[in-house]
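The values are calculated or read from the model by the stated rules, or taken from the named source; none is laboratory data. Everything numeric here is computed off the predicted structure, so don't read it as measured data. Cβ: placed from backbone, ideal geometry, glycine included. Neighbour counts: every protein chain shown. Just so you know, the surface numbers come from the protein's heavy atoms only, side chains and all, with ligands and any DNA or RNA stripped out. Shrake-Rupley method; radii C 1.70, N 1.55, O 1.52, S 1.80 Å.
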Amino acid sequence: MLVLWCPDWPVVAATAAAGLAVGTPAVVVSANRVVAVNAPARTEGVQQAMRRREAQGRCPDIAVLPDDPDRDARLFEPVAAAVEELAVGVEVVGPGVVAVPARGPAGYFGTEAAAAERLIDQVAARAGAESLVGIADGLFAATLAARRGLVVEAGRSAEFLAPLGVHELAGGTGAADRAELVDLLRRLGIRTLGAFAALDPVDVTSRFGADAGHAHRLARGLEQRPPSRRRPPVDLSVTHTPDPPIDRVDAAAFAARGLGERFHAGLAVHGLACTRLAIHASTGNGEELSRVWRCAEPLTPTGIADRVRWQLDGWLRGSRRPSAGITVLRLEPQEMVDGHALQLGLWQGGHDEQAERAARAMVHVQGLLGPEGVLTPVLAGGRGPADQVTLVPWGDERTPAAPPARPWPGRLPTPSPATVPQRPVVVSVVDRDGAEVGVTGRFVLSGQPDEVTIAGAVRRVVAWAGPWPADERWWELGAGRRRARLQVLLAEKSEQDSQEALLLVRENEKWSVEGVYD
């Protein structure tokens, strides 16, 4: 596999859209954190994951630009088109990364090294972008080789990957977030991909789960999915004939959403999910446009719609804009996996009329409020009630932040609180002498709780249980948390009210309400 990678592409696209000079120090920021940084900013000490203010403190002249995946995908289209002029079968892995089978370009230009050099020159001349090319067995190894500008000989990908750090598993465009797995491997003393690959595959899967088994395949130089591909029936393609033709970005976004839902629903009926998506378009003047998008994980309806929208945006607003509006839009699955690779629950798992109506309503709300506007709760692992629920955007894979089946020492006994405040409610807990009740270093209460003051109201404690200690991540500097939880039953406010049970938590020498029981 040959992979062409444009370094720091989000910053390159953002500076180009803002009209800034190429050498301007710049970062792309999301949620007040640096998600991408260019070389001039790195020389000033700015790094990824920094806070915005810290980055500005290190480089006062730095340009702070917003994160915009649509912009990144749209401006990357000329790069993909430039590669397509010299290589057949181009797949867009994500904005900044394209992949193509290496055999064709290598055979045409003589050697793999010559093909890599020719593609770099082509992208620089046609799109004005810097790039690096890597060649190796499989997409994962080729992507890492591209970040180093290396050509790995056939059959030696495992040897190339062996000395690299396990943190490489958590990165990469389209890869699943494996930060927790990487952290766990490091704590177990497994620092390199070679050390991880030396473990028994059966032991890895049974101990760490299916995703760790996929990561283990990558560390061994194999593809995440077995090489046997399923070619779907032709009738799984979906076609949309817009009237009037699509010539605006807002019309493209509307068409992308509906077409993505239809495409995903048709695959789901056959128990399939798509991992390589071909997008074809025809214009009123007979122009034919085509692009293949590749994803490491099965595409959700939202993921399909995003890629269709990005591609239409790139065609309609790119430098090679078609001379007429798009009259035919067709989605075709190029590579499939079994549908169980994308587990959907709640209404998402059914195909009856009620399920479809619910799904359409959810997607409609997402169209109004954005993907984060509709969230689905997923049972997760953790010690506190807030930790045991992960909110996942509707349509995305329902993956918890932490596996619920693992042991969680210090976890609260059942039942769980019925209500969990979004923000901590600070309270005061005192004993019979009016002294504040604290928790010692050995997680022992300094006195028996007698009264709790909430929002200025004093409530008498009828009964209490605990404390339940939680000493988390004590091995990481600055990441540890020491907490103690206490269950209290409060007397009724008046004859008309009933008793109230609360879950209190002590942290940083303060008590707060973490949950309310029915």
Leaving out ligands, DNA and RNA, what percent of the accessible area of region 1-48 is carbon and sulfur, probe 1.4 Å? 55 percent
Report, to the nearest 10°, how far helix 112-127 tilts away from the longest principal axis of the Cα atoms in the chain, using its own Cα long axis and a range of 0 to 90°. 80 degrees
In what sequence, largest accessible area first, do SER131, SER446, SER237 appear using a 1.4 Å probe? SER446, SER237, SER131
Note the angle between two axes, namely the Cα long axis of helix 210-219 and the longest principal axis of the Cα atoms of the chain, as a number of degrees from 0 to 90, rounded to the nearest 10. 50 degrees
Once you have all Cα-Cα distances for region 68-112, histogram them in 5 Å bins from zero and send the whole-percent values. 5, 23, 27, 20, 12, 7, 4, 1
To the nearest 10 degrees, the tilt of helix 9-18 (Cα long axis) against the first principal axis of the alpha carbons of the chain is 80 degrees
In a solvent-free Debye calculation with one equal scatterer on each Cα, what is log10 I(q)/I(0) for region 238-289 at q = 0.20, 0.23, 0.28 Å⁻¹, listed in the order of the q values? -0.81, -0.98, -1.21
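With contacts defined as alpha carbon pairs under 8 Å and 6 or more residues apart, what's the relative contact order of region 369-464 in percent? Can you show the working numbers first?
Working: 131 pairs, mean separation 16.8, N = 96.
Computed over region 369-464, the figure is 18 percent.
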Need one number for region 76-144: average projected area of the convex hull over its C-alpha atoms, nm². 4.0 nm²
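Averaged over every viewing direction, what's the projected area of the C-alpha convex hull for region 265-304? Give it in nm², one decimal, please.
Details: hull surface 14.1 nm².
With the hull built on Cα positions only, its mean projection is 3.5 nm².
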When the helices in the chain are scored as -39500 (n - 2.57) per DSSP H run of 4 or longer and the sum is shared across all residues, what 222 nm value do you end up with, to the nearest 500 deg cm²/dmol? -9500 deg cm²/dmol
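How do GLU112, GLU44 rank by accessible surface area computed with a 1.4 Å probe, from largest to smallest?
Details: GLU112 70, GLU44 95 Å².
Order by accessible area, largest first: GLU44, GLU112.
Normalised by the empirical 2.2 N^0.38 Å for globular proteins, what value does the Cα Rg of region 104-187 take?
Numbers: Rg = 15.1 Å, N = 84, 2.2 N^0.38 = 11.8 Å.
For region 104-187, the normalised Cα radius of gyration is 1.27.
Would you calculate the convex hull of the Cα atoms in region 1-109 and tell me its volume per residue in Å³? Write out the running numbers ahead of the final one.
Details: hull volume 11.9 nm³, N = 109.
Measuring per residue, one finds 109 Å³ for the Cα hull of region 1-109.
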By what distance, in whole Å, do the Cα atoms of the chain stretch along each of the three principal axes, largest value first? 87, 52, 52
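If you rank GLU84, GLU153, GLU335 by how much accessible surface each has, with a 1.4 Å probe, what is the order from largest down?
Details: GLU84 80, GLU153 115, GLU335 10 Å².
Highest to lowest solvent-accessible surface, that is GLU153, GLU84, GLU335.
In Å², what does the accessible area per residue of region 53-113 work out to with a 1.4 Å probe? Let's see the in-between values first.
Working: 2800 Å² over 61 residues.
Per-residue value: 46 Å².
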Using a Förster distance of 60 angstrom, determine the FRET efficiency expected from the C-beta separation of ARG103 and ALA418, and round it to 0.05. 0.50
Have a look at ALA14, LEU4, ALA162 and report the one farthest towards the positive end of the charge dipole of the chain, computed about the Cα centre with Cβ charges (Lys/Arg +1, Asp/Glu -1). ALA162
Any idea what the dipole of the chain comes to, in debye rounded to 20, about its Cα centre with Lys/Arg Cβ at +1 and Asp/Glu Cβ at -1? 680 debye
How big is D for region 427-518, in µm² s⁻¹ as a whole number, if Stokes-Einstein is applied with the Kirkwood radius of its Cα pairs at 10 °C and 1.306 mPa s? 115 µm²/s
Please report the accessible area of ASP250 (heavy atoms, 1.4 Å probe, ligands and nucleic acids excluded) in Å², nearest 10. 90 Å²
